[in-house]
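Heads up, the thing below is written out as structure tokens.
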């Protein structure tokens, strides 16, 4: 089983749609969770941290489900500019400390 | 404020050569992590350094090595390059190893092509 798994997509949605991505992780001891956005041939940029109680930043909502070991990202009112690859990242304390990324989910928002 | 700076931005090397990639973290950040990203995949963890000590190592061969200097900048060295080492190498900076709250901030990367 991969340490962090994401549905690669692509998710093709019309402008204004609501879309949700899930990300599962294998280590129940993980403490830090993040969503990153990566545009084509650019570096990943932090979109938001994910807190235990869930958190919202404008059109973006992140949630953590420790019992089922997954995090989710919900995007409301999708914009063309939301088209990107969304990476989830989870810290792992095995073999020292590391932040492990999923392979990413591709989102394409179309007019 | 300067972000994370990496050099060079692009590099072409021949199989068997070695390469040194450099990273300067955000001022005040003491943790530097190195990642390799091949096309279509997420970043793969290579190393993490904090306060000049190795704090984590990914599943990469011994041809990969790194170090962190007293000013918290870092170098990633790869020896005996293989075609499969062609990738985007990303450096990530954070105040602490776990990146709590603020997460990791990435540099724009070094795109390495091995021919």
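Inspect region B:101-113 for any residue being within 13 Å of chain A (Cβ to nearest Cβ), farther than 24 Å from residue A:89 by Cβ and in contact (Cβ under 8 Å) with a residue 60 or more places away in the chain and give the result as yes or no. No, every residue in region B:101-113 fails to be within 13 Å of chain A (Cβ to nearest Cβ), farther than 24 Å from residue A:89 by Cβ and in contact (Cβ under 8 Å) with a residue 60 or more places away in the chain. Looking only at region A:12-26, decide whether some residue is at pLDDT below 95 and outside any strand (DSSP E or B). Yes, some residue in region A:12-26 is at pLDDT below 95 and outside any strand (DSSP E or B).
Considering only residues that are in a strand (DSSP E or B) and more than 9 Å from chain A (Cβ to nearest Cβ), look in region B:32-45 and name the one that is farthest from residue B:71 (Cα to Cα). In this case the residue turns out to be B:36.
Checking the conditions here, which among A:20, A:62 is closer than 27 Å to residue B:56 by Cβ and more than 9 Å from chain B (Cβ to nearest Cβ)?
Details: A:20 fails: closer than 27 Å to residue B:56 by Cβ.
Just one listed residue meets the conditions, A:62.
Just one of (1) surrounded by fewer than 16 Cβ atoms within 10 Å (Cβ to Cβ); (2) modelled with pLDDT of 95 or more; (3) touching a strand residue (DSSP E or B) at 6+ places or on another chain (Cβ under 6 Å) fails for residue A:58. It is (3).
The residue list A:80, A:47 contains one member that is under 30 Å from residue B:9 (Cα atoms) and either surrounded by fewer than 17 Cβ atoms within 10 Å (Cβ to Cβ) or touching a helix residue (DSSP H, G or I) at 6+ places or on another chain (Cβ under 6 Å) (or both), which is A:80. If you filter region A:27-44 down to residues that are part of a loop (DSSP other than H, G, I, E, B) and in contact with a strand residue (DSSP E or B) (Cβ under 7 Å, 6 or more places away or on another chain), you find that the one that is surrounded by the most Cβ atoms within 10 Å (Cβ to Cβ) is A:44. Can we say residue B:79 is more than 13 Å from the chain's Cα centre (by Cα) and within 11 Å of chain A (Cβ to nearest Cβ)? For residue B:79, the condition - more than 13 Å from the chain's Cα centre (by Cα) and within 11 Å of chain A (Cβ to nearest Cβ) - is not met. The residues of region A:65-97 include none that are away from every other protein chain (no Cβ under 14 Å), over 11 Å from the mean Cα position of the chain (by Cα), under 14 Å from residue A:4 (Cβ atoms) and assigned to a strand (DSSP E or B).
The values are calculated or read from the model by the stated rules, or taken from the named source; none is laboratory data. Worth saying up front: this structure is predicted, and the values here are computed from it rather than measured. Neighbour counts run over all protein chains shown; Cβ positions are idealised from the backbone, glycine included.
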